[in-house]
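Quick notes on the structure that follows.
The values are calculated or read from the model by the stated rules, or taken from the named source; none is laboratory data. For clarity, every value in this text was computed on a predicted model and none was experimentally measured. Reconstructed Cβ throughout: ideal geometry from the backbone, glycine too, with neighbour counts over all protein chains shown.
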Amino acid sequence: MQKSFEILDHTADIGIIAYGTDIKQLFSNAALALFSLITELESINEKLHFKLQVRSQDRDSLLVEWLNELIYLFDAKHVLIRRCDIEDLGYDELKATCHGEAFDPRKHEIKRGIKAATYHMLKLDRNDGGYRAQVILDI
Amino acid sequence: MARWQGQLIKLDEYRWRIPQDYKKGMRVPGLIYASEHMLESMREEQTPEQVANVAFLPGILGYSLAMPDIHWGYGFPIGGVAATNIKDGVVSPGGVGYDINCGVRLLRTDLGEAEVRPRIRELVDELFLNVPSGLGSEGKIRVNQKEMERLLVEGARWAVKRGLGSEEDLDVTEERGCLAGADPGKITDKATKRGTPQAGTLGSGNHFLEVQVVKEIFDPHVAGILGITEIGQVLVLIHTGSRGFGHQVCTDHLRVMEQAISKYGINLPDRQLACAPIESPEGRDYLAAMACAANYAWANRQCIAHWVRESFSRIFGESPDRLGMRQVYDVAHNIAKIEEHTVDGRNIRVCVHRKGATRSFPAGHKDIPECYKEVGQPVLVPGDMGRRSFIAVGTQKAMSESFGSTCHGAGRMLSRGAAKRSIKGADVIRQLEDRGITVKTGSVFDLAEEASQAYKDVTEVVDVVNQAGISRKVAMAVPMGVIKG
């Protein structure tokens, strides 16, 4: 089975590389990569279910915007996400249902905070096996 | 990453130029402050390429500058300085960074090491309790929408008005803790939601609070004017910024700038350098929002300084005044400021982007407090957590050469992953305690990411800027207690 994501190590920041057989899976895996940096994914239960909609100007920016939306959710609303179903994904808009739970300090060890997803060295490519994307995060 | 192969022309022992013809599209050459020894790691990290990329910004003046603590950033390098002409130049949120007005505030005390060391554990615990820190931490102050707007416009003064600190603190804060032009109307709902609960919190990551001891005084006269009078004197350093509020302001405006680059036909080698003309709606909006974030950070450090004083007062049974807990200074490390500088013999207004750099104004400058007019603006350079920090002052050379800027800290050397592979959080605590440093942290996990091994030695950084003359070192202090979120 193809791996779903990897963590890219950089001097000042951290990046994620997400894979997907299709573009929806790629976006979904990028979300998991992000939350794996914040806490252990296994520690997150699927108790909350909610819909998200993100718009941007193109596909690459949409990936950055998507991750920034999730960073905002965690920082402002303290929501941790375990799984995302990307229901609709166009060139500049996506609709998803996310599953996760509220941060509980007794249960979730927070590894680090993430300030933002950046456009720096942003890559989203199609290869024979599907899609691959790289996003650098500011932490 | 491949090693950077470009040309670096040696100007003297501490200055290296990237010629303007290194890359087509550079509008000015690059200038890196570094010792020869530092260059190799810069090449390995490709940071000179980022210095060259910044030289593409429309309206950039003089040089694309890099301080010796430069390290790889997103778009702009961290430790980068770029001044743009406000008439035809641009402002770039990437040239400020996500943590807008991340900065440091230094308090002095009349206490000596001998009085504090026996009670350091108690003091550190008290500080940890009294200063909200860590991820997801919420402030002790409750701010509603209306109050938040006031905080964003007034900055540190907002806290002083609520009894957290005094007018004298404002006198010794860059911009008196309030950047003009802040407009809460330019702030998104998201930034407000992210920032409101975090007001008055230290945060996590590389942010910390240190109880320090003066170890060396290089210039007793200047140090005396700053209130640093003897070896063994206890100081407190507060290092934090604008928290999730600033991060969201940067994210929101980068999105706008992304579209602005095509609108204004700006050609850039890296999307993260996205920018807009200063005199455009996008540019003005960013500066108005950035000022809000800068003010948020100053209010934040003002609140924390007050709780630090309270904590000392509780432990030592005297009022903060009796303990001599005066503020030495407060500087921004990530900011864009409209300042007057002399370029080609003419005084012009420029937008100085300092991303991981410190303002370094000389003696006599109109924008520094009366009490420091004779010696220059204090420059506060924290090292990595647990090593050493420097106090310096600004110089005339900085005005003529680096748009009144100097270095800001140690500069990362190891990636977070590499730091973590080489050392565990628990071992970091042990190592620090072996060196007589008491640590209290909310997260052992990211402690390893901030271990000393991950950073360049700040001594070397400060020596380079000292030798190059863009700031002059005054004193050095080492930590005795560290609180990290």
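Can you name the number of the only condition in (1) part of a loop (DSSP other than H, G, I, E, B); (2) more than 14 Å from chain A (Cβ to nearest Cβ) that B:V211 fails?
Every listed condition holds for B:V211 apart from (1).
Assuming B:A274 fulfils every condition listed in (1) touching a residue at least 60 places away in the same chain (Cβ under 8 Å); (2) closer than 23 Å to B:V153 by Cα; (3) within 22 Å of the chain's Cα centre (by Cα) apart from one, which condition is it?
The failed condition is (2).
Quick one: in segment B:246-285, which of the residues that are over 21 Å from A:Q57 (Cα atoms) and more than 10 Å from every other protein chain (Cβ to nearest Cβ) is surrounded by the most Cβ atoms within 10 Å (Cβ to Cβ)?
Filtering segment B:246-285 for residues that are over 21 Å from A:Q57 (Cα atoms) and more than 10 Å from every other protein chain (Cβ to nearest Cβ), the one surrounded by the most Cβ atoms within 10 Å (Cβ to Cβ) comes out as B:I278.
Considering (1) over 19 Å from the mean Cα position of the chain (by Cα); (2) outside any loop (DSSP other than H, G, I, E, B), say which one B:E279 fails and leave the rest.
Exception for B:E279: condition (2).
Check B:T188, B:T192, B:T196 and return the single one that is closer than 16 Å to A:D75 by Cβ, surrounded by fewer than 17 Cβ atoms within 10 Å (Cβ to Cβ) and out of contact with any Pro (no Cβ under 6 Å at 6 or more places or on another chain). Even if it seems obvious, please write down each step before you answer.
Working: B:T192 fails: surrounded by fewer than 17 Cβ atoms within 10 Å (Cβ to Cβ); B:T196 fails: surrounded by fewer than 17 Cβ atoms within 10 Å (Cβ to Cβ).
Residue meeting the stated conditions: B:T188.
Whether any residue in segment B:325-332 is farther than 20 Å from B:A299 by Cβ and small (G, A, S) is what I want to check.
Residues of segment B:325-332 that are farther than 20 Å from B:A299 by Cβ, as a first pass: none.
No, segment B:325-332 contains no residue that is farther than 20 Å from B:A299 by Cβ and small (G, A, S).
Only residues in segment A:113-125 that are touching a residue at least 12 places away in the same chain (Cβ under 8 Å) count as the first member; pair them with residues that are in a strand (DSSP E or B) and of a type in the set (D, E), Cβ under 7 angstrom, at least 6 apart or cross-chain, and list the lot.
A:K115/A:D138; A:A116/A:D138; A:T118/A:D138
If I ask for residues that are farther than 18 Å from B:H71 by Cα, aromatic (F, W, Y) and at pLDDT below 85, which ones from segment B:398-456 would you list?
B:F445 - this is the single residue of segment B:398-456 that is farther than 18 Å from B:H71 by Cα, aromatic (F, W, Y) and at pLDDT below 85.
Given (1) surrounded by 24 or more Cβ atoms within 10 Å (Cβ to Cβ); (2) assigned to a helix (DSSP H, G or I), where does B:A288 come up short, assuming only one miss?
(1)
Filter segment B:177-197 for residues that are closer than 15 Å to B:V256 by Cβ, more than 13 Å from chain A (Cβ to nearest Cβ) and not in a helix (DSSP H, G or I) and give the result.
Hits for segment B:177-197 are B:D183, B:I187.
Is it the case that B:V172 is among the β-branched types (V, I, T) and either out of contact with any strand residue (DSSP E or B) (no Cβ under 9 Å at 6 or more places or on another chain) or under 30 Å from B:F56 (Cβ atoms) (or both)? First the steps, then the outcome.
Numbers: among the β-branched types (V, I, T): yes; either out of contact with any strand residue (DSSP E or B) (no Cβ under 9 Å at 6 or more places or on another chain) or under 30 Å from B:F56 (Cβ atoms) (or both): no.
Criteria not met by B:V172.
Quickly run through segment B:4-55 and pick out the residues that are within 14 Å of another protein chain (Cβ to nearest Cβ) and either of a type in the set (K, R) or part of a loop (DSSP other than H, G, I, E, B) (or both).
Within segment B:4-55, B:W4, B:R43, B:Q46 meet the criteria.
In segment B:103-155, which residues are among the acidic types (D, E) and in a helix (DSSP H, G or I)? I'd like the intermediate steps shown before the answer.
First, pick out the residues of segment B:103-155 that are among the acidic types (D, E): B:110, B:113, B:115, B:122, B:125-126, B:138, B:147, B:149, B:154.
Hits for segment B:103-155 are B:E113, B:E115, B:E122, B:D125, B:E126, B:E147, B:E149, B:E154.
Please go through segment B:68-102 and pick out each residue that is more than 14 Å from chain A (Cβ to nearest Cβ) and not in a loop (DSSP other than H, G, I, E, B).
B:P68, B:V81, B:A82, B:A83, B:T84, B:N85, B:V90, B:V91
Look through segment A:1-41, keep the residues that are within 12 Å of chain B (Cβ to nearest Cβ), assigned to a loop (DSSP other than H, G, I, E, B) and acidic (D, E), and return whichever of them is farthest from B:Y98 (Cα to Cα). Let's see the steps before the verdict.
Taking segment A:1-41 as the starting set, the residues that turn out to be within 12 Å of chain B (Cβ to nearest Cβ) are A:6-15, A:37-40.
Filter again for assigned to a loop (DSSP other than H, G, I, E, B), leaving A:10-13, A:39-40.
With the extra rule that they be acidic (D, E), the set shrinks to A:13, A:40.
Values: A:D13: 12, A:E40: 25 Å.
That would be A:E40.
Only one of (1) in contact with a strand residue (DSSP E or B) (Cβ under 6 Å, 6 or more places away or on another chain); (2) surrounded by fewer than 24 Cβ atoms within 10 Å (Cβ to Cβ) fails for B:V54. Which number is that?
Evaluating B:V54 over (1) in contact with a strand residue (DSSP E or B) (Cβ under 6 Å, 6 or more places away or on another chain); (2) surrounded by fewer than 24 Cβ atoms within 10 Å (Cβ to Cβ) leaves (2) as the failure.
Do you know which of the residues in segment B:98-118 that are of a type in the set (D, E, K, R) and out of contact with any Phe, Trp or Tyr (no Cβ under 8 Å at 6 or more places or on another chain) is nearest to A:Y119 (Cα to Cα)?
In the first step, residues of segment B:98-118 are kept if they are of a type in the set (D, E, K, R); the result is B:99, B:105, B:108, B:110, B:113, B:115, B:117.
Imposing the further condition that a residue be out of contact with any Phe, Trp or Tyr (no Cβ under 8 Å at 6 or more places or on another chain) reduces the set to B:99, B:108, B:110, B:113, B:117.
Details: B:D99: 16, B:R108: 41, B:D110: 48, B:E113: 47, B:R117: 47 Å.
Residue satisfying both the conditions and the ranking: B:D99.
Which residues, taken from segment B:457-478, are surrounded by fewer than 22 Cβ atoms within 10 Å (Cβ to Cβ) and within 25 Å of B:W72 (Cα to Cα)?
B:D457, B:T459, B:E460, B:D463, B:N466, B:Q467, B:G469
Kindly list, by first and then second residue, each pair from a residue in segment B:240-252 that is over 11 Å from B:I100 (Cβ atoms) to a residue that is part of a helix (DSSP H, G or I) and of a type in the set (V, I, T), limited to pairs with Cβ atoms under 7 Å and residues at least 6 apart or on different chains.
From segment B:240-252, the pairs are B:T240/B:I304.
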